[in-house]
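Here is the structure we will look at.
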Amino acid sequence: MARNKYDIDETLQSEFSFEQLKRLYSYIKPHRKDMIFTIILMVISSALSMFTPRILMTIMDDYIPNKNIRGIVTISLLLLLFNLIIVVFLRMKIHITTRLGQNIIHQIRSDIFNHLQELPFSYYDDRPHGKIQVRVVNYVNSLSDLLSNGIVNTITDLFSLFFIVAFMLSINIRLSLICLLGLPVLMALIFIIKKKQRVAWQISSNKSSNLNAYIAESINGIRVTQSFVREQENIKIFNSLSNNYSKAWMNAVRLNFLLWPAIDNISTLTTAAVYTLGVAWIDNQIPGITIGVLIAFTGYIGRFWAPINTLASFYNSLLTAISYLERIMETIDEPVLVKDMEGAAAMPPIKGTVEFKDVCFSYEDGIRILNKVSFKANQGESFAIVGPTGAGKTTIINLISRFYNLDSGEILIDGIDISKATIKSLRKQMGVMLQDSFIFSGTIMDNIRYGNMEATDEQVMTAAKTVCAHDFIMGLENGYYTEVNERGSRLSAGQRQLISFARALLADPKILILDEATSSIDTETEILLQEGLSKLLVGRTSFIIAHRLSTIKNSSCILYVDGGSIQEMGNHEELMKLKGNYHDLFVSQYEFLNESTK
Ligand SMILES: Nc1ncnc2c1ncn2[C@@H]1O[C@H](COP(=O)(O)OP(=O)(O)OP(=O)(O)O)[C@@H](O)[C@H]1O
């Protein structure tokens, strides 16, 4: 998929098919007993309510002319009982369907979230995170009404319709046929607007997704926005996206509004026809048509169009829900491109030899980022990766953890091709510190323990001490139990780096990967940290990306990467002797430092 942005509508990977409704049914299936029970309650209620016009007919045509007071009282009590049962059943239905709808929603939401945990980096690279979020929260919520009330009401209404037609036919066939004449007209109308409506709801869901993506991006970038006084620009973009959404929504709803007046008009016309013809037939003394029949019949006509109205509105909400369901299912079906191959075995305990053999890689088709990268790091060696911005350094280390699939070539750890090992067993044995020192909301202790959930408090503290984070942590109001916000906004950039550094160490990994681990740390702390680290690195293979070359001078091997391939490889002395790019870079940094300290 091409990169998506807040102002680009997402195209659906696969169109809606009824298979997706079947999949929706698979979520409903575990609750079908509750659903059937509720439907039975509703069908009984609907059947009971159907007796009212019929009973009124008997009162009008029989009990009143015959002054049968006893009969009227008995029947009124019966009607009261029916109403009581209907109210109790309705309450039970509301209770069951609300619980049931929420259970199903929870299950769908968990499935998306669980799947998102598995999806590779490339999935997140390709789309704004706000668009992912809107699927998990808003779109799933939009299914709530359909799942809780929609299905039960629809089935109940279908039964009601069946009862009503049966009662109408039992009273008078001629009048029933007049009433049913309106149905084909309605069907034709639904058929005409169906397609337009579906497209309109798809467009509306796209626009809401764009708006969400922009809101999420603006909140994440609020500091930059305010620093560059871009608030007005942002408000303009927001207004335009919000207007687009409003328009799309109005368009979709406008189509919905076509249906209800149409139903109203058809029902009014058929009712008028029943009255006119009914009165004429009474006048003409057509057998079987009495005042009572006409009164009962008009009672049924009112009831006949009510379920049709709800069925039509269910149909509308189904079309809306389908446009959301498509997106939800698309996310659940998103292929996990980086996954265990068939028959993959767990990675045995890693010793630490890492070998790249002619590794080629691209993030996007046709744009090669790494070109035939080959090197071998032996157990316990520290490899530094240096080079200009955008050279491919981070990409190289991301591949060691198998965050992406290779285009070609192999990466071997202890001689085992990592694409043949299970991903979990591989990543569990690595300590990775990414460029983005992400801090989760929770305590400092929780954040470090993220690297190894089984670690004791003492182990967490030892890791923090090794990276010189202990002192600043103890200086916080609650030490290791100080609560930090998501992204660690109350910590300095250097402090965040130290915490994620400790997190990477905690797993006691045989392979340690550090991407710009110390770029925001002051020189004094860095020197201390280097000392701790050099002891810690003994026996571990490490890959360190650093722009400050002073920090990697002592590495066993330095890879100078540029343009996606290794240009120079050797230790500091060898590369200096070579007088190539590394030499020039080192000399320029050295001169720069000298200049700035003069
Ligand atoms: N997720 C991505 N999707 C597409 N292209 C990417 C992605 N990440 C990086 N790139 C591109 O790949 C190239 C190498 O990026 P990489 O992050 O590996 O560089 P780097 O050497 O680590 O740079 P820096 O020193 O700035 O961190 C760059 O041209 C970059 O634009």
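The values are calculated or read from the model by the stated rules, or taken from the named source; none is laboratory data. Since we're looking at a predicted model, the values are computed, not measured. All Cβ positions, even for glycine, are placed from backbone atoms using ideal geometry, and neighbour counts span all protein chains on display.
Name the residues in segment 264-317 that are charged (D, E, K, R) and within 30 Å of residue 197 (Cα to Cα), would you?
Here is the first cut: in segment 264-317, the residues charged (D, E, K, R) are 264, 283, 303.
Within segment 264-317, 264, 303 qualify.
Need a quick list: helices (runs of 4 or more DSSP H) entirely within segment 139-221 having at least 2 residues that are of a type in the set (Val, Ile, Thr) and in contact with a Phe, Trp or Tyr (Cβ under 6 Å, 6 or more places away or on another chain).
On the way: elements: 151-171, 173-180, 182-220.
By residue number, 151-171.
Residues 332, 328: which one is over 26 Å from residue 507 (Cα atoms), surrounded by fewer than 18 Cβ atoms within 10 Å (Cβ to Cβ) and away from the ligand (no atom under 13 Å from the Cβ)?
Working: 328 fails: surrounded by fewer than 18 Cβ atoms within 10 Å (Cβ to Cβ).
Exactly one of 332, 328 is over 26 Å from residue 507 (Cα atoms), surrounded by fewer than 18 Cβ atoms within 10 Å (Cβ to Cβ) and away from the ligand (no atom under 13 Å from the Cβ), namely 332.
Checking the condition under 30 Å from residue 550 (Cα atoms) and charged (D, E, K, R), which residue from 393, 424, 428 passes? Give the derivation first.
On the way: 424 fails: under 30 Å from residue 550 (Cα atoms); 428 fails: under 30 Å from residue 550 (Cα atoms).
It is 393.
Can you find a residue that is within 28 Å of residue 151 (Cα to Cα) and either surrounded by fewer than 17 Cβ atoms within 10 Å (Cβ to Cβ) or in contact with a strand residue (DSSP E or B) (Cβ under 9 Å, 6 or more places away or on another chain) (or both) anywhere in segment 277-296? Full working, then the answer.
Here is the first cut: in segment 277-296, the residues within 28 Å of residue 151 (Cα to Cα) are none.
No, that holds for no residue.
Only one of 461, 453, 433 is on the phi < 0 side of the Ramachandran plot and within 16 Å of the ligand (Cβ to nearest atom); which? Please lay out each step first, then the result.
On the way: 461 fails: within 16 Å of the ligand (Cβ to nearest atom); 453 fails: within 16 Å of the ligand (Cβ to nearest atom).
Unique residue meeting the criteria: 433.
Can you tell me which residue is nearest to the ligand (Cβ to nearest atom) among those in segment 116-125 that are touching a residue at least 60 places away in the same chain (Cβ under 8 Å) and surrounded by fewer than 16 Cβ atoms within 10 Å (Cβ to Cβ)? Walk me through it before giving the result.
First, the residues of segment 116-125 that are touching a residue at least 60 places away in the same chain (Cβ under 8 Å): 116, 118-123, 125.
Retained after the next criterion (residues that are surrounded by fewer than 16 Cβ atoms within 10 Å (Cβ to Cβ)): 118, 121-122, 125.
Values: 118: 18, 121: 7, 122: 7, 125: 4 Å.
Result: 125.
Does residue 519 satisfy the criteria of being within 29 Å of residue 376 (Cβ to Cβ) and surrounded by 22 or more Cβ atoms within 10 Å (Cβ to Cβ)?
Judged against the criteria, residue 519 is not a match.
Quick one: which of 6, 27 is modelled with pLDDT of 85 or more and either within 38 Å of the chain's Cα centre (by Cα) or loosely packed, with under 15 Cβ neighbours inside 10 Å (or both)?
Working: 6 fails: modelled with pLDDT of 85 or more.
27 is the lone residue from the list that is modelled with pLDDT of 85 or more and either within 38 Å of the chain's Cα centre (by Cα) or loosely packed, with under 15 Cβ neighbours inside 10 Å (or both).
Please go through segment 83-112 and give me each residue that is surrounded by 13 or more Cβ atoms within 10 Å (Cβ to Cβ) and either among the hydroxyl-bearing types (Ser, Thr, Tyr) or farther than 26 Å from residue 45 by Cβ (or both), ordered by number.
Within segment 83-112, 97, 98, 107, 108, 109, 111, 112 qualify.
Any chance you could count how many residues in segment 348-365 are of a type outside the set (Asp, Glu) and within 12 Å of the ligand (Cβ to nearest atom)? Break it down into steps so the answer makes sense when it comes.
Start the filter on segment 348-365 by keeping residues that are of a type outside the set (Asp, Glu), which leaves 348-354, 356-357, 359-363.
If we keep only those that are within 12 Å of the ligand (Cβ to nearest atom) as well, we get 361-363.
Qualifying residue count for the region: 3.
I'd like the residue in segment 369-393 that is in contact (Cβ under 8 Å) with a residue 24 or more places away in the chain and surrounded by fewer than 16 Cβ atoms within 10 Å (Cβ to Cβ) and, out of all such residues, is nearest to the ligand (Cβ to nearest atom).
Let us first name the residues in segment 369-393 that are in contact (Cβ under 8 Å) with a residue 24 or more places away in the chain, namely 369-375, 377-388, 391-393.
Restricting the remaining residues to those that are surrounded by fewer than 16 Cβ atoms within 10 Å (Cβ to Cβ) gives 372, 374, 378-379, 388.
Details: 372: 15, 374: 17, 378: 24, 379: 25, 388: 7 Å.
Among those that are in contact (Cβ under 8 Å) with a residue 24 or more places away in the chain and surrounded by fewer than 16 Cβ atoms within 10 Å (Cβ to Cβ), it is 388.
Residue 241 fails exactly one of the following numbered conditions: (1) without any contact (Cβ under 8 Å) to a residue 60 or more places away in the chain; (2) over 18 Å from residue 312 (Cα atoms). What is the number of that condition?
(1)
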